[in-house]
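Read the structure below first, then the notes.
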Amino acid sequence: MRTETLTKPPHCLMNTPLDRRSFLGQSLAGLAAASPSLSALGQDPAVRPLRIGLVSAASYGPTYGPDPQPRIPGSNHGTAFATIFNGYDEEKAKDFKGTFVKASKRIEGGRVVKIWDPDKTAAAAIADICGIGTVAASPEDCVTDVDLALLIDDGSGAQWKYAEAALRKGVPTFCDKPLAMTAKEAAAIAKVASETGTKFMSASSLRFVPDIVKLREDAAAIGPVRLCTVTGPGDLVYYGIHALSMAYEVLGPGVVSAHNTGLEGAHIVRLRHEKGLDIVMMIGARERMRAGFSIQLFGEKGNLRVEPDLKDLYAYLLEPVLDMVLHEKVSVPVGDEVELIAALEAGQRSLELGREVKLSEVL
């Protein structure tokens, strides 16, 4: 039996557009009319969704840290992205050995047509479950003859390395979080995007969940924000990006320095912002504390606190990614994301050096 058919969106999507914009409430034909990437294909954009290549999307292993782990079949982001666009076969999914996330919402504006992963067996299995036509032989092949490249968080923190091939082919590209593990790596791939003029975006999904979008709108009611606190679990750079992204979405870029007064695995980082405010980021390893995601703003007239609802967060992320292709609108400028990575790296270096670190020292 096939869950979430490939030809018709579920009732909730037909009647409830995603909150950030009314993208899904508009017809694909109307959106695609302004897209050179579609019109140049010589096909009717009203009947053909964007062709998507999923890169490094079928296995996962945290290889970025001092204790690298082997990749194992399955991928939270890879399978979630595939099922959001293509749906999945319920019976075949039951037999998959590994992590398989079944998205509850569908987006009809795109279809995954290629998938590549170092684990070819896992890639072939996900292709079969999700109706993906081609298991690519290489990352370069996966971003050839597609309208959009999605570079999936595979545990390495280095998925940005797959971006150059797509960018030089002129294929709009989304690099899953984190953009890189260091500011210099992030800046290097941002430079390629700038040189080629190809649309490029990287962001945490937490930027786009409705609770955070609404908080940005509500913040004006409490006057100028003087302090912002964010919490989240995991490694400072690799997972701290989610917590800090909430602050960046609400307050905008402008962090100039970081001072980490916590411990490894229990970070307390004060980030100084050029707008005359501080962001205090508290990130704890799962074995030390069970922190959830939260953000609190303290203004001259009051304060606001949000624990964001993370249901369907991948759908909220992918909506502006499609918008990048169809409307050539980049919701998160890559320079902002480079700065965000620099802020996290400066926080890590501050702990090591025992002093405040300016972002200019890591860029």
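Every number in this text was worked out from the coordinates using simple rules, so none of it is lab data. The shown structure was predicted, so the numbers you read here are calculated from the model rather than taken from an experiment. Methodologically, a virtual Cβ is constructed for each residue, glycine included, from the backbone with ideal geometry; neighbour enumeration extends over all protein chains shown.
Given a Förster radius of 41 Å and the C-beta distance between THR134 and ARG288 as r, what FRET efficiency does 1/(1 + (r/R0)^6) yield to the nearest 0.05? Please list the in-between numbers first.
Values: r = 44 Å, r/R0 = 1.06.
According to the calculation, E is roughly 0.40.
Which order do the peptides 285-297, 49-61, 110-122 come out in when sorted by mean C-beta neighbours inside 10 angstrom, highest first?
49-61, 110-122, 285-297
With equal scatterers on the alpha carbons only and no solvent term, can you work out the Debye log10 of I(q)/I(0) for the stretch 193-345 at 0.09, 0.10, 0.15 1/Å?
-0.28, -0.35, -0.79
Just to confirm a number: summing +1 for Lys and Arg and -1 for Asp and Glu over residues other than THR196 whose beta-carbon lies under 11 angstrom from that of THR196, what do you get? Walk me through the numbers on the way to the answer.
Values: positive: ARG168, LYS169, LYS191, LYS199; negative: GLU164, GLU195.
Counting the neighbours of THR196, the net charge comes to +2.
Would you order SER194, SER245, SER205, SER331 from fewest to most other beta-carbon atoms within 10 Å of each residue's own beta-carbon?
Ascending number of Cβ neighbours within 10 Å: SER194, SER331, SER205, SER245.
Please report how far the C-alpha centroid of the stretch 121-195 lies from that of the stretch 210-262, rounded to the nearest whole angstrom.
27
At R0 = 25 Å, how high is the FRET efficiency between ALA220 and LEU310 if r is their beta carbon distance? Nearest 0.05 is fine. Spell out each step's value before the answer.
Numbers: r = 25 Å, r/R0 = 1.00.
Efficiency, from the Cβ-Cβ distance: 0.50.
Assuming R0 = 22 Å, what is the FRET efficiency of LYS120 and ILE72, from their Cβ-Cβ distance, to the nearest 0.05?
On the way: r = 14 Å, r/R0 = 0.65.
Taking R0 as 22 Å, the efficiency between LYS120 and ILE72 is 0.95.
Can you tell me the length gained on complete extension of the stretch ASP141 to LYS191, counting 0.36 nm per residue apart and subtracting the Cα distance?
Fully extending the segment from ASP141 to LYS191 adds 15.7 nm.
Kindly rank 164-175, 299-310 from highest to lowest mean number of other beta carbons found within 10 Å of each residue.
164-175, 299-310
Just round it to a whole percent: the fraction of Cα-Cα distances in the stretch 84-203 exceeding 26 Å.
22
Too long at a 21 Å Cα-Cα cut-off: which of LYS120/LYS191; LYS214/LYS311; LYS275/LYS311?
LYS120/LYS191; LYS275/LYS311
Please work out how much length the chain gains when fully extended from LYS358 to GLU264, using 0.36 nm per residue of separation minus the C-alpha to C-alpha distance, in nm with one decimal.
That pair, LYS358 and GLU264, stretches by 31.9 nm at full extension.
With the convex hull built on the Cα atoms of the stretch 223-285, state its orientation-averaged projected area in nm².
The orientation-averaged projected area of the Cα hull of the stretch 223-285 comes to 3.8 nm².
If we count every other residue with Cβ under 15 angstrom of ASP67's Cβ, Lys/Arg +1 and Asp/Glu -1, where does the sum land?
Net charge around ASP67: -1.
Which order results if ILE283, ILE72 are arranged by neighbouring Cβ count within 10 Å, fewest first?
Least crowded to most crowded, the residues run ILE72, ILE283.
Arrange LYS92, LYS184, LYS199 by Cβ neighbour counts within 10 Å, fewest through most, would you?
LYS184, LYS92, LYS199
Determine by what factor the alpha-carbon radius of gyration of the chain differs from 2.2 N^0.38 Å, reporting the quotient.
Against the empirical 2.2 N^0.38 Å value, I get 0.97 for the chain.
In percent, what relative contact order does the stretch 67-210 have, based on Cα pairs under 8 Å that are 6 or more apart in sequence?
17
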